[in-house]
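What follows is one structure encoded as structure tokens, with my remarks underneath.
The values are calculated or read from the model by the stated rules, or taken from the named source; none is laboratory data. Keep in mind that this is a model prediction, so the values were computed, not measured. Ideal geometry is used to build each Cβ from the backbone, glycine not excepted, and the neighbour counts take in all protein chains shown. To get the accessible areas, we keep the full protein, side chains included, count just its heavy atoms, and leave off ligands, DNA and RNA. Shrake-Rupley method; radii C 1.70, N 1.55, O 1.52, S 1.80 Å.
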Amino acid sequence: STLGRAADYEMAEANEQVPNGTADSCSEDDETFDPLQSGILNLEPMFGARYWCRSIPEDLMNEWTNSSKPELPPPDSHLSLPPKNPFVPENLALKPLPSDDSHHPLVHCSLKICIAIGKKKIWVPCTVNKYNATKNQVLLIYEDENEKWHAVDQQLSQLTKSSISRGFEGTLDNKNIKYRIVAVAQDGEGPVLKFGDDSDHHVELGTHFPPIPPPSPESRLPQLVSNTQVLKFWHLQDRTFKRPIAEMRMRLICAAANKTSFHRACADLFVNLILDSITETSYLADVCELGCSVGSSDVGFSIRVHGFDDKLMVLFELIMRAIFEFRGRADESNLPASIKEGRFEACLEVLRRRYGNSGLKASSLSSDIRLMCLQPFSRSSHSKLRTLDDVNKASFSAAVSETLETFGIEALYHGNVDLEDATKAKELILKLVNESGGAGLPRKKYPKEPVTKIPSTVAKSAGNLTIPSLDQTEANTAVEIYFQVGKDNIEERVLIDLLTHMMYEPLYDQLRTKDQFGYSVSCDSRWTNGVMGMHFRVVTSTKTAAETVERIEKFLLEYRKELIEMKEDAFMEQVIGLAKNKLDMFNSLSEETDSIWGEIRDGRYDFQIHRNEAVWLRSVTKSRVVAAYDEWLSPLSVDGKSDNKRRMLIVKVLGSSDADGRPVVDDSRVCDFIDESVLGFQKSIGNQTWGKITFS
């Protein structure tokens, strides 16, 4: 470097010499440094610093050169290289699809084929739904949902995605049928149904009902790989997103999961301990785009592992081994070796704080109370917190061991995984279960999840809970009105979705924007363990709970008149808008997995639920919607002369802004008051439930 040399600067000061010698000179190598014997003292021109210049000894340069060479530290050193990350993916290739349902550029494209009818030739719209690579054939589905196989005259190697575009022409069945591409499916998009005429434009404008795609072939729906009392295992290979990623979803359904509040609290603590014990492992996995989560519920435990498929099962196995380590420890006071010293107490403290902070916001507390009213076997955070007062390692181990003693497994393996991968995953799961002592739970013995049957009555007091907020300084008041409809069925489910879709914007506009009731106003559908309902919620600090309930009821009266007067075109716009929402493609693999896993978890197994609901929407009439509104929501009977009978539950959590209506309860007893109010509600309706819910 020439930094500090006088020759670099055109300044007179830089040419000054220190009386001790000439600038920019260096002394010869010496073993020791002696200022009096070190030659010329130089002057740094910018800052005036004085320094000596000395050549670095050759042996020191050689020592530095040797030290810069890469080598492992000596055994006695405290330095070491980080461990090899076992989750680094090594194979990012996409798994080939089955030959009888493989990839092809024409799949999901809209075509028009020229066929002869008598002496005339006409162009018929259709969609390519499937490709058989072995026979080089495509399956075409027509408007009337009839389907037929046709041989493609060009080989797959002659057709590429880049060569396929709108207007492309080709032939089928040895040039007997000519086809023209009307629309090309984009990556991640399902069958494109367009006809190459004005109807396509009308659909885009929202004036025509969107075309409904044909049902997916059985080969493209989740397939059962195992169906026993131990394991019910589903598999689906991704053909939409074409990325080397996968999702493993699993739940352990435990017979004793919700036996007592203590068992539920120990299940939550168990999840905290598992996640804490795999912190270092999950960090290494996260670096390699592998994620995991573990949760607990009233029926057992849920596990999710997602990311690059190459090492996904390595992480999954580590998590399952950590869970199964707790089996068979009912008589042991010590925890497994994977739980480090002091972590039990730390995780217990975290859980206690979480329970203590639960429901501090009025909006979350109102939702919790509504769910407690609808699910009589659910446990409140307060009841679980009380059971942890005397918990220790021995009692915790006994409760978790009992919970894990008898269980069944439901799982889904979805993504860049073929049948061979799914079979290996099944064998791994069964191996882990057998090594830990075996399992098996008949579906008849799965934990019950009954849903409260709210009585149909005109009296609002039948299901009206008024609760003070847990935080005395909370200014917000939350009001939730839940209208219960009944057991799940596709027709009423579609009507509920349509009504909430139609009412959401008018409700928000009236109560939030015009009436200034609060910052949160919404309505939505609710599905609780197979029972459907509709839900209105307002969070306000400017109005009382009584005023809020009265305003929602008034809105329901006003909207019925608006619904009656709604023109047919406006009604169809609402129907078409909802249909388009249901037919939207998934944005990611995880979104698609969420939908599939929801059907498996709920036991409905309708893997084409959005398409099927769109089919029902096509036949919905305004008169049927009005009849449903009158039956479920309208405050007055059809003739308008008497109150209507509805299955209605009102939950009001009153903040400090609604002091007049707030129940007078000591701060230390608010949680007990909530539990007593919920039990009182259950008792007032005779503990009625909807009984066993099955899906056709």
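What is the extension gain from H208 to S163, computed as 0.36 nm multiplied by their sequence separation minus the C-alpha to C-alpha distance, in nm to one decimal?
Working: separation 45, 0.36 × 45 = 16.20 nm, distance 3.15 nm.
Full extension of this stretch gives 13.1 nm more.
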Dipole check, the chain, charges on Cβ (K,R +1; D,E -1), about Cα centroid: among I56, Q472, V651 the Cα furthest to the positive pole belongs to V651
For the chain, longest principal axis from Cα atoms; helix 545-565 axis from its Cα atoms; angle between them, nearest 10 degrees, is 60 degrees
When the Cα centres of segment 470-538 and segment 309-342 are compared, how far apart do they sit, in Å?
-> 42 Å
D584 versus S668, label points 7 Å from Cα toward the beta carbon: distance in nm?
-> 5.1 nm
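Arranged from highest to lowest average of other beta-carbon atoms within 10 Å per residue, in what order do the peptides 585-592, 313-320 appear?
On the way: 585-592: 15.1, 313-320: 20.5.
Top of the packing list down: 313-320, 585-592.
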GluC sites (Glu not before Pro) within segment 56-142: which are DSSP loop residues with at most 16 other Cβ atoms inside 10 Å?
-> E71, E90
If you take the beta carbon distance between S219 and E71 as r and set R0 to 60 Å, what does 1/(1 + (r/R0)^6) give as a FRET efficiency, to the nearest 0.05?
-> 0.60
Sorted by accessible area (1.4 Å probe), largest first, how do T406, T477 line up?
-> T406, T477
Rule-of-thumb check for segment 453-594: C-alpha Rg over 2.2 N^0.38 Å?
-> 1.19
Protection proxy (average C-beta count within 10 Å per residue), highest first, orders 333-346, 544-557 as 544-557, 333-346
Each residue of segment 181-189 in order: what ³J(HN,Hα) in whole Hz does its phi give by Karplus 6.51 cos²θ - 1.76 cosθ + 1.60, θ = phi - 60°, with x for Gly and Pro?
-> 7, 8, 8, 9, 6, 7, 4, x, 9
Spacing of the two label points (7 Å from each Cα toward its C-beta) at D524 and E405, in nm = 3.9 nm
What is the gain in length, in nm to one decimal, between L94 and E332 on full extension, counting 0.36 nm per residue of separation less the C-alpha to C-alpha distance?
-> 81.0 nm
Per residue, what accessible area does segment 325-448 have, given a 1.4 Å probe and all protein chains present, in Å²?
-> 48 Å²
Karplus-derived HN-Hα couplings along segment 303-314 (A = 6.51, B = -1.76, C = 1.60, θ = phi - 60°), whole Hz, x at Gly and Pro = 10, 9, 10, 8, x, 4, 6, 4, 10, 4, 6, 5
Report, in cubic angstrom per residue, the convex hull volume of the C-alpha atoms of the chain.
-> 318 Å³
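Using only alpha carbon pairs under 8 Å that are at least six residues apart, calculate the relative contact order of the chain and give it in whole percent.
Relative CO of the chain lands at 13 percent.
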Taking a 1.4 Å probe, which of T171, T452 shows the most accessible area, and what order do the others take after it?
-> T171, T452
What size of dipole, in debye to the nearest 20, comes out for the chain about its Cα centre when the only charges are +1 on Lys and Arg C-beta atoms and -1 on Asp and Glu C-beta atoms?
-> 4300 debye
³J(HN,Hα) computed for each position of segment 289-295 - Karplus, 6.51 cos²θ - 1.76 cosθ + 1.60, integer Hz, glycine/proline x = 6, 10, x, 8, 8, 9, x
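Quick one: accessible area per residue over segment 609-696, 1.4 Å probe, rounded to a whole number of Å²?
Numbers: 4680 Å² over 88 residues.
Normalised by residue count, the accessible surface of segment 609-696 is 53 Å².
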Determine how large the accessible area of K445 is when every protein chain is in place; take a 1.4 Å probe and give Å² rounded to the nearest 10.
-> 140 Å²
Out of residues 5 or more away from L470 or on other chains, whose amide H comes under 5 Å of its own, with H placed 1.01 Å from N in the peptide plane?
-> none
Quote the FRET efficiency, to the nearest 0.05, computed for E573 versus D286 with a Förster distance R0 of 41 Å and r equal to the Cβ-Cβ distance.
-> 0.35
Taking a ≥ b ≥ c as the square roots of the Cα gyration tensor eigenvalues, with a/c under 1.5 meaning rounded and otherwise prolate when a/b beats b/c or oblate if not, segment 247-376 comes out prolate
Residue-span extension gain [V626 to Q154] - 0.36 nm each, minus C-alpha spacing | 164.5 nm
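Evaluate the relative contact order of segment 240-354 (contact order divided by residue number), counting alpha-carbon pairs under 8 angstrom at least 6 apart; express in whole percent.
33 percent
Where does the chain land at 222 nm, in deg cm²/dmol rounded to the nearest 500, when only DSSP H runs of n ≥ 4 count, each adding -39500 (n - 2.57), divided by all residues?
Taking each H run of at least 4 residues, the total per residue is -10000 deg cm²/dmol.
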Roll a 1.4 angstrom probe over the protein heavy atoms and tell me the percent of accessible area of the chain that is carbon or sulfur.
-> 50 percent
Residue-normalised accessible area of segment 68-164, given per residue in Å² at a 1.4 Å probe | 66 Å²
For S522, other-chain or 5+-apart residues with amide H closer than 5 Å (H placed, Pro excluded) are R537
For V485, the residues 5 or more places away or on another chain with a placed amide H closer than 5 Å to its own amide H are M532, G533, M534
Under a plain spin-label model, where a point goes 7 Å from the Cα along Cα-to-Cβ, how far apart in nm are K175 and E317?
-> 5.7 nm
Anisotropy class of segment 519-579 from Cα gyration tensor, a/c 1.5 cut | oblate
Filter the chymotrypsin sites (Phe, Trp or Tyr not before Pro) in segment 463-544 to those in DSSP coil with at most 16 other Cβ atoms within 10 Å of their Cβ, and list the result.
-> Y519
